[in-house]
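Below is one structure, written out as C-alpha cells; the observations come after it.
The values are calculated or read from the model by the stated rules, or taken from the named source; none is laboratory data. Small disclaimer: the values here were computed from a predicted structure and weren't measured. All Cβ positions, glycine included, derive from the backbone under ideal geometry; neighbour counts span all protein chains shown.
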C-alpha cells in the first residue's frame with residue numbers, strides 16, 4: 001500500500017497536475033503561436049557561427065508527459081538559421097521523419113514557449129556544425145517515428161548530442177524518448193557525456209552522470225535527483241530546483 005501511495009505521489013500526481021495546467025490553457029494547434037520567441041540572435045547582427053538546442057512542451061495530451069526538442073545551426077556569415085526536427089505527421093504517407101526548416105528557428109511550439117537547452121558560439125560552434133550536419137545524415141531512424149517510447153524528436157536530438165563531442169547539452173527530464181537507444185543497444189553515454197546510462201528499449205533504465213545526476217526511467221517517465229543543480233526531476237513536470 002505504501003509503495004502504491006509513493007508511486008501515486010511521485011509519478012501520477014505530477015502528471016495529473018501538469019495535464020490540468022495545460023488543459024486550462026490549451027488551444028488548437030492551428031490557432032496557437034508558432035512565431036519566434038526572440039531567443040536566437042539575428043543573423044545580420046550576429047555573423048558568427050551559432051548552434052542552439054531547444055525544447056518546448058509537446059502539443060495536446062502529449063504535453064502532459066513530454067517536450068518536443070530540435071536543433072538549429074547557423075554557419076559563420078550565413079543569412080539564416082537551419083532548423084532540424086523529427087516529427088510524426090506524414091511519415092505514414094512516406095514522408096521522412098527528419099524535417100528541415102518546418103518552423104521559425106526559435107519559434108513557439110503550438111503555443112508553448114521554447115527553452116534554450118544548450119548553445120555553442122565561436123570556434124566550438126564552427127567545429128560542431130559540419131559534424132552535426134554529418135550526424136543528421138546518418139541518423140538511423142530518418143524515416144521512422146514513434147511517439148512512445150521512441151524514436152521521436154527527443155531521440156533524434158539526444159542521438160546528435162551523443163555523436164558530436166562539442167555538444168554538451170543536458171536533455172530535459174521530460175524529453176520522453178531521449179533514452180531510447182534502439183532495439184539492440186543497452187548501454188550508452190549519457191546525452192551530456194558526463195556519465196553513462198542503461199536502457200531497455202527506452203522503457204526501463206538508469207542514468208548516472210555528473211550533469212544529469214541520477215535518473216530512473218520507468219515506461220519512458222523519469223524520476224531523478226540532480227545534486228549539481230539542487231534539483232529533483234518529476235514525470236511530466238520535469239526539473240524542479242533552486243538553480
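Results, tabulated for the structure shown:
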| item | result |
| --- | --- |
| Index of the failed condition, residue 74 passing every other in (1) at pLDDT 95 or above; (2) surrounded by 22 or more Cβ atoms within 10 Å (Cβ to Cβ); (3) under 16 Å from the mean Cα position of the chain (by Cα) | (3) |
| Members of the stretch 72-88 found to be assigned to a loop (DSSP other than H, G, I, E, B) and under 18 Å from residue 104 (Cβ atoms), listed by number | 78, 79, 80, 81, 87 |
| Of residues in the stretch 150-167 being modelled with pLDDT of 95 or more and outside any helix (DSSP H, G or I), the one farthest from residue 63 (Cα to Cα) | 164 |
| Residue within the stretch 225-232 that is part of a strand (DSSP E or B), at pLDDT below 95, touching a helix residue (DSSP H, G or I) at 6+ places or on another chain (Cβ under 7 Å) and surrounded by fewer than 22 Cβ atoms within 10 Å (Cβ to Cβ) present | no |
| The stretch 212-243, residues that are free of Cβ contacts under 8 Å to residues at least 60 places away in the same chain and within 15 Å of residue 179 (Cα to Cα) | 212, 213, 214, 215, 216, 217, 222, 224 |
| Of all residues in the stretch 117-138 being in contact with a strand residue (DSSP E or B) (Cβ under 6 Å, 6 or more places away or on another chain) and outside any helix (DSSP H, G or I), the one that is farthest from residue 169 (Cα to Cα) | 121 |
| Check on residue 172, in a loop (DSSP other than H, G, I, E, B) and touching a strand residue (DSSP E or B) at 6+ places or on another chain (Cβ under 8 Å) | yes |
| Top-ranked residue in the stretch 31-63 [being in contact with a helix residue (DSSP H, G or I) (Cβ under 7 Å, 6 or more places away or on another chain) and not in a loop (DSSP other than H, G, I, E, B); ranked as farthest from residue 101 (Cα to Cα)] | 63 |
| Unmet criterion (only one of (1) within 16 Å of the chain's Cα centre (by Cα); (2) buried (at least 22 other Cβ atoms within 10 Å of the Cβ)) for residue 120 | (1) |
| Failed condition for residue 6, given (1) farther than 22 Å from residue 164 by Cα; (2) over 22 Å from the mean Cα position of the chain (by Cα); (3) at pLDDT 55 or above | (3) |
| Residue 188, sole failed condition from (1) in a loop (DSSP other than H, G, I, E, B); (2) surrounded by fewer than 23 Cβ atoms within 10 Å (Cβ to Cβ); (3) in contact with a helix residue (DSSP H, G or I) (Cβ under 7 Å, 6 or more places away or on another chain) | (1) |
